[in-house]
Amino acid sequence: MAGAATADAGRVQGRIRAYSLRDPLLYVQGAVILLLCVLILYPVWILFDVSVRDLDGELSLRWYMEAYTNARNYSAIANTVIVASGAAAIAAVAGTFLAWAVVRTDMPGRGLVEVAAIVPFISTPFIGALAWILLGSPQVGLLNQLWGFLGGTGPLIDIYSLGGIIFVIALYEMPFVFVMVGGALRSMDPTLEEASLASGASLLQTTLRVTLPLVLPAILASGLLVFVLAAEQFGVPAVLGTPSRIRVLTTSIVETQNFYPPRYGLGAALCVTLFVIALVGLWLQRRILAGRSFTTVGGKGAHPRRVQLGRWRWVLLAVCASYLLLAVVLPFATIFVSSIRTHWTADFRWEQFTVEHYRWVLLDYPITQHAIVNSLFLGVVGATVTMILCALVSFLSLRTRLPGRHLLDYLSILPLGFPGVVLAFGLLQAWITPPLVLYGTIWILFIAYVTRYIPIGVRATSATLVQIHPELEESSLASGAGWLRTFRSITLPLLKPGIVAGWALLFVAFTRELSASILLYSPGKEVLSVAIYDLYQNGQFREISALAFMQIAVSLVILGIAKWVTGLDRAPGR
Amino acid sequence: MSGPSSIEVRLTGALGTFALAAEFEAPATGIVALVGPSGCGKTTILRCVAGLLRLHGSLRVRGEVWQDDARGIFLPPHARPIGYVFQEPSLFPHLSVRGNLEFGLRRVPSAERRLRLEDVADLLGVSGFLDRDPASLSGGQRQRVAIARALLASPRLLLMDEPLASLDRASKREILPYLEHLRATLDIPTLYVSHSPDEVARLADHLVSIGAGSVRASGPIAEMLTRMDLAREQGADAEAVVDATVTGHDAEFELTALAFSGGTFLVTRTAHPIGQRVRLRVLARDASLTLEHQTGTSILNIFPAVVDEVVTDGASQTVRLDVGGTPLLARITRKSGATLGIEPGRPVHVQVKAVALVD
């Protein structure tokens, strides 16, 4: 405790003050705040404004009436809640189980199962959904073909269903629960369980009455995060729900833009509804996390006990391995195999293998080349600009005593509550009219990406900055360097590991972004995910597979390099 | 000593680079202190007794076999009738104080419960905050709750791992009387790990001295504290304990008489009732020696004694005395020793300048 207090005092001492109104630092901070307001608050305000005006520009609630009374729309709201709750519940239960098995049992192959934590690095739910169409579509799905071959009647699974959507989202968001609950289980004070055992509670009673309640905050918080991420999901319900006419809010919002004339008011009202659902989820999540944390670092650095499972450890391993099979092995093997074959059938002949799909996608398909160039541009330039902005925000809010630094804190986490579709809708409305028309340029995508990922960038830089002792910066100030010189030649270099790690996460996220891009792209300004979505609408699954496989490969290479450079271990955002 | 009233421990094994080979037998009554420098294996032994850690060997408590590797017996911790108090209070943060106390109580079938929650709560002075949250308690209060929780499991052996070590001085002073009170009122044998000579002198009945993974000596406290090999390490801080009985109060001079096997101590009047057993601590440096019974002195407590053993340490000597069957230590200069001809078997008088009453 004493140590924390001193560190805190040191941080306060180390803060830079502005000594007069002529200090340029004040204006830099003012500019950053203004920029964040324009990026973050302006689209939200526009969105809200559009949702409460009728076609003549008069104040009206007609769009909300339509959103909540029209069966198409309210079933979309209901489906969103069902998908989000279902995915959250499954992910919470499965993720907790998997974390417990890896952290607290003597299950063999624990290290292998921990690969689960990096599943989101490898794939997005969108790519997972496409792979699962190849596996579980009622007609051509590989698993259903296999089922028929084994003598089963009818399809074994129908991935084009609410259950299918929930399954795929849960599969790919589960790692958030795994990582958070695993962390809580690792950092739990082991003497609490020992105290329970010594009080006469058996291992099972201890697990249920002590261990589980202690990690419950982590389970609830990560479950709510999955709830929000699932509610915001566009790609999965778009490809799995559309064939069976299952609508959710995100797909309905995109749909309103495809009418002629576009129904902006209704879209905005649905956006506000989704926004509120996401905000409530995040607000609950923050409340749980802000409450007392039950997991503290234990006294003598003792490790929590592992449960000796005996023969059951093999059963447990089978359960955990089946997760990896469903989330990683089957889908990626399917994508890879599909990308090099001429026909999608269960019987394999060598002459059916080909690299034609790669050639076609790269050379003949007109969208791919723009998309690769655009995605790389957004990835490289977007991630760089975002990280510089985030480093500045972290520096201003952690290392200065300027009034308004708390406002910076709040502004920088706000976009966490923006579903991509909602942000895109707001930006579209905000930048489609003069004086500044950004729609139709790549810059609207650029702004959307930067805005959406500020919280993740700031988290990466702030986490690094709090670990750097302010004395280093103080020495620079004491040597007569100004704050700008200090920021450039001391803070930025020290922040490099955090910036590199954050940059890699953002690069990968930007080359995969779909839910904002789907509303903001314009002809010639497509990005990779949009190209994949376009191929999906044409039903070109083998070509999708080729493109998706390349996307996965690029992500892995970039993350591999970043991990090699910095020892990165953070879960990514999308 | 072996049999239904003893604790027998035989453990060998290695934890990382640390090797332990401990073997001792102690009476299963009162407080048995495991003492020794940090890292010597005290806590490891305690954890093995609890079953939280498994080394090779055997464990027998009051005739019950808890572990015997030769016969393939190992009781898991929850099947051992123990209560465990950790160095850190380790209260369940998701339960209230009452919830924590009930956690221990619930694991005991009602027929085997020997203590009631209310009684234990009163005994440890935690009744006032039963419905509070552990996080809102002070360190001393939390540790008292932890002790109460351990007691409510109706243990037949209480294990305490430096329960005062994580507390500040004021909290220690707050808890010690409760521990003494427990020793006096409940008959629960206790293994008490400590590296504080002060706590040990106040609380322990039996001492097991541990050094570098093995047991160096084991015996009743009065004997152990005055053993020369152990006392020598303490140097000027060496002390002896004397168990005595209150025999009377002198109203006129406001003194209390405490009888022990070698005579009667007079101390400043206390509130103890006649007949109560108390413990006195006598520092070696507070005891001086004379050949004859001095009369012209302000010192009240003078007893005839016989020199038992003498150890020289530079300019000083530590002398163990037999005072009517009770061992005491005196620290004198080597010059005085030579002048008085102090050697084993020599009858002397010991003058005790100051005593401290433990309870």
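Computed from the coordinates by the stated procedures, all read-outs in this text should not be read as laboratory data. Remember, it's a predicted structure, so these values are computed and weren't measured experimentally. Note: ideal-geometry Cβ built from the backbone for every residue, glycine included; neighbour counts use all protein chains shown.
For the protein assembly as shown, the average shadow cast by the Cα convex hull is 53.7 nm², which is a quarter of the hull's surface. Peptide B:72-84 has a mean of 4 when you count, residue by residue, the C-beta atoms of other protein chains within 10 Å of its C-beta.
Using a cutoff of 8 angstrom between alpha carbon atoms and counting only pairs six or more residues apart, the relative contact order for chain A works out to 21 percent. Peptide B:89-99 shows a mean partner chain C-beta count of 4 within 10 Å per residue C-beta. Across B:V208, B:V246, B:V32, mean-square fluctuation computed from a Gaussian network of chain B (C-alpha pairs under 10 Å connected) peaks at B:V246. Of the Cα atoms belonging to segment A:18-90, the radius of gyration and Dmax stand at 20.9, 61 Å. Mean per-residue shielding of peptide A:181-192 is 2, counting Cβ atoms of other chains within 10 Å of each Cβ. When the convex hull of its Cα atoms is viewed from all sides, segment A:61-354 shows a mean projected area of 20.0 nm².
Placing unit charges on the Cβ atoms only, positive for Lys and Arg and negative for Asp and Glu, gives segment B:6-233 a dipole magnitude near 340 debye about its Cα centre. Of all beta bridges that DSSP places with both ends in the protein assembly as shown, some 80 percent have antiparallel geometry. Listed peptides A:38-50, B:95-107, A:175-187 appear in the order A:175-187, B:95-107, A:38-50 once ranked by packing, highest mean of other Cβ atoms within 10 Å at the front. Charge dipole (Cα centre; +1 on Lys/Arg Cβ, -1 on Asp/Glu Cβ; no other charges) of segment B:232-359 amounts to roughly 200 debye.
With only Lys, Arg, Asp and Glu charged, each at its Cβ (+1 for the first two, -1 for the last two), find how big the charge dipole of the protein assembly as shown is about the Cα centre; round to the nearest 20 debye.
960 debye
The ellipsoid equivalent to the alpha-carbon distribution of segment B:235-357 has semi-axes of 27, 14, 12 angstrom, derived from the gyration tensor eigenvalues as √(5λ) and listed largest first. Just how far, in whole angstrom, is segment A:154-220 from segment B:201-227 if you go by their alpha carbon centroids? With segment B:201-227 and segment A:154-220 each reduced to a Cα centre, they are spaced 47 Å. For segment B:235-357, averaging the sequence separation of C-alpha pairs within contact (under 8 Å, six or more residues apart) and dividing by the residue count gives a relative contact order of 29 percent.
Dipole orientation for the protein assembly as shown: of the candidates A:I490, B:V32, B:L191, A:I490 has the Cα lying most toward the positive pole (charges on Cβ; Lys, Arg +1; Asp, Glu -1). Taking Lys and Arg as +1 and Asp and Glu as -1, the other residues whose beta-carbon sits under 12 Å from that of A:G265 total -2.
Protection proxy ranking of A:415-424, B:281-290, by the mean of other Cβ atoms within 10 Å over each peptide's residues and highest first, is A:415-424, B:281-290. Test of understanding: in a Gaussian network model of chain B with alpha carbons linked when under 10 Å, which of B:T17, B:T264, B:T297 would top the mean-square fluctuation ranking? Sorting by GNM fluctuation, first place goes to B:T17. The base-10 log of I(q)/I(0) for chain B, evaluated at q = 0.08, 0.15 Å⁻¹, reads -0.46, -1.28 [Debye formula, identical scatterers on Cα atoms, solvent excluded].
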